[in-house]
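Quick notes on the structure that follows.
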Amino acid sequence: MLLVVDCLKTGGAERQVVELAVALRRKGYEVAVACSVAGELSDVLREAGIPVHPLRSRLVKRRLSVAYAWRLRRLLRRERFDLVHAHIYASTAAAALATLGTGVPLVITEHTEATWQGRRARWISRWIYRQTKHIIAVSTPIERRLIERDGLSPDLITVIPNAVVPASEVRPDVQPALPIGPLVGVVARLKPEKGVANFLKAAARVSPLFPEAHFVIAGDGPLRQELADLAEDLGLKSRVHFLGFRSDASALMESMDVLVVPSLTEGSPLVILEAMAAGLPVVASAVGGIPDQIRHDKEGLLVPPDDTGALGEALLDLLRDHAHARRLGEAGRRRATSEFGHPTMVRRIEDVYRAALDLPATRCIASEEPELRTTR
C-alpha cells in the first residue's frame, strides 16, 4: 500500500503517517510513503525498511498541484499498489487525480476542520470525496464538518482518533538548565493558531500569585521573536524560557507540572495524548477534537478558546491544588492506555482498508500477500 502526505517534516499529522507506516510494516504489510518533499522523519521510515518517494523539489501545501499528481500517477504506474491512503489537503487532491481511472481504491484521512478553505478549496474537497472509497476523520467535529458542510453520507466516514506510540526508549536531548519550581509548559509550533500569545497573557495573570512558577515553551516557528517581545512587555522575561524545537518533547514533559494547549483551532493534537500517557495534567482550549481526548475536570481542564482569564484561572486551580492536578493526570494516563492505544488505532484503520478492498471483515489481509502489497 502507499501512504501519501505533503511532507515528512516533524508535525502531528506527519508523525501519525510515519508511525502508522512503521506499525503496518511490522505487521507484515509492504508499505511505501510518497510526499512532495522529504524531511527529518524520512530517516525513521528508512530505518524501518520503508521506501520513501519525494516527488517534488518544494513543498506542496493547501493547493492542488497537477505536477504533484502527475508524478504520483507515474509512481502508481511504475509500482503496483493495492490501496492508496492520503493525508492532508494537497496530498488528498493529488492522490484523487493520480488514482482516477486506475481502479486503485483511495482512502483519505481528514486531520482538521479546514476552516482555512475558501470556495475553490471547498469545491475541490467535494470533488476529492467523490473519488474516495472511505474517509477517516480524527475527531467528531471533523466528522460533523464533512456531513454538514460537505454533504457527505455518515456511511462514508469513520471516526478514528489519533494515537501515540509509547515513548519507551526516547533519549532526551541535552537538557537546558530549567529552573526549580512549578513548571507550566507549552509544546507547539509557534504560529498564530496555536494561541501561544494567550498562554503568555495567562502566565502574566498567574505570575504575581505564584512568583516561584516558571513557564517553558518548546517549539519554534515564525512567531518566536514576536512572542519573546511579548514576554518582555508583560514583565515575564526572566520567567519564560524559550527552548526551541525539541525532538524529545515527550521526555521533556516529565519535567513539567502542567501542560497547556491554548490553541485557537485544532484537529486531534498528539501532544495531549503524550501528556496523558505521561500522567501530566492538561489545561486546553475546548476546540476541535480536544474534547474527544480529555473531558473537563476528568482528565484535564477545558477553557474557551481565546479566553486568557479562564486559562489563567485554570492554571491557578492546578498550581494551588496538587491533589486535584495529580488525580487529573492519573485519570489521563488510564484513558490514554484504554482508549487511545496505538495498536487499537492501527486495527481500526486496517478495518477501513478491508472495506475499501471489499474484503471480508474477518479476513487478515496482512497475511494475504496477493491482496495487499507493493512491488518495488
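The values are calculated or read from the model by the stated rules, or taken from the named source; none is laboratory data. Owing to the predicted nature of the structure, the values given are computational and were not obtained by experimental measurement. Cβ placement follows ideal geometry from the backbone for every residue including glycine, while neighbour counts extend to all protein chains displayed.
Being assigned to a helix (DSSP H, G or I), more than 16 Å from the chain's Cα centre (by Cα), hydrophobic (A, V, I, L, M, F, W, C) and under 25 Å from L190 (Cα atoms), is that true of even one residue in the range 64-83?
Within the range 64-83, not a single residue is assigned to a helix (DSSP H, G or I), more than 16 Å from the chain's Cα centre (by Cα), hydrophobic (A, V, I, L, M, F, W, C) and under 25 Å from L190 (Cα atoms).
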### Summary
Of the conditions (1) modelled with pLDDT of 95 or more; (2) under 19 Å from the mean Cα position of the chain (by Cα); (3) loosely packed, with under 15 Cβ neighbours inside 10 Å, the single one that S247 does not satisfy is (1)
### Summary
Checking L200, L146, L156, L190 in turn, the sole residue that is over 24 Å from P105 (Cα atoms), modelled with pLDDT of 95 or more and touching a strand residue (DSSP E or B) at 6+ places or on another chain (Cβ under 6 Å) turns out to be L190
### Query
Taking V84, is it touching a helix residue (DSSP H, G or I) at 6+ places or on another chain (Cβ under 8 Å), of a type in the set (A, V, I, L, M) and over 18 Å from A137 (Cα atoms)?
no
### Task
Read through the list (1) surrounded by fewer than 23 Cβ atoms within 10 Å (Cβ to Cβ); (2) in contact with a strand residue (DSSP E or B) (Cβ under 6 Å, 6 or more places away or on another chain), then give the number of the only condition that V4 fails.
(1)
### Task
Quick one: M345 ticks every box in (1) in contact with a strand residue (DSSP E or B) (Cβ under 8 Å, 6 or more places away or on another chain); (2) in the same structural domain as W116 (by TED's automatic domain parsing) except a single one, so which number is it?
(1)
### Summary
Of the residues in the range 35-44, those that are within 18 Å of the chain's Cα centre (by Cα) and either outside any helix (DSSP H, G or I) or buried (at least 19 other Cβ atoms within 10 Å of the Cβ) (or both) come to C35, A38, G39, E40, L41, S42
### Message
Quick check on my filter: what residues within the range 267-292 are farther than 22 Å from A202 by Cβ and not small (G, A, S)?
### Response
L270, L273, D292
### Message
Residues that are assigned to a strand (DSSP E or B) and modelled with pLDDT of 95 or more: does the range 6-19 have at least one?
### Response
yes
### Query
How many residues, within the range 129-140, are in a helix (DSSP H, G or I) and either β-branched (V, I, T) or more than 21 Å from V17 (Cα to Cα) (or both)?
2
### Query
For the range 295-328, what are the residues that are touching a residue at least 40 places away in the same chain (Cβ under 8 Å) and among the β-branched types (V, I, T)?
T308
### Task
Kindly provide the set of residues from the range 88-103 that are buried (at least 19 other Cβ atoms within 10 Å of the Cβ) and assigned to a loop (DSSP other than H, G, I, E, B), ordered by number.
I88
### Message
Restricting to the range 263-314, and then to whatever is surrounded by fewer than 24 Cβ atoms within 10 Å (Cβ to Cβ) and acidic (D, E), can you tell me which residue is nearest to F215 (Cα to Cα)?
### Response
E313
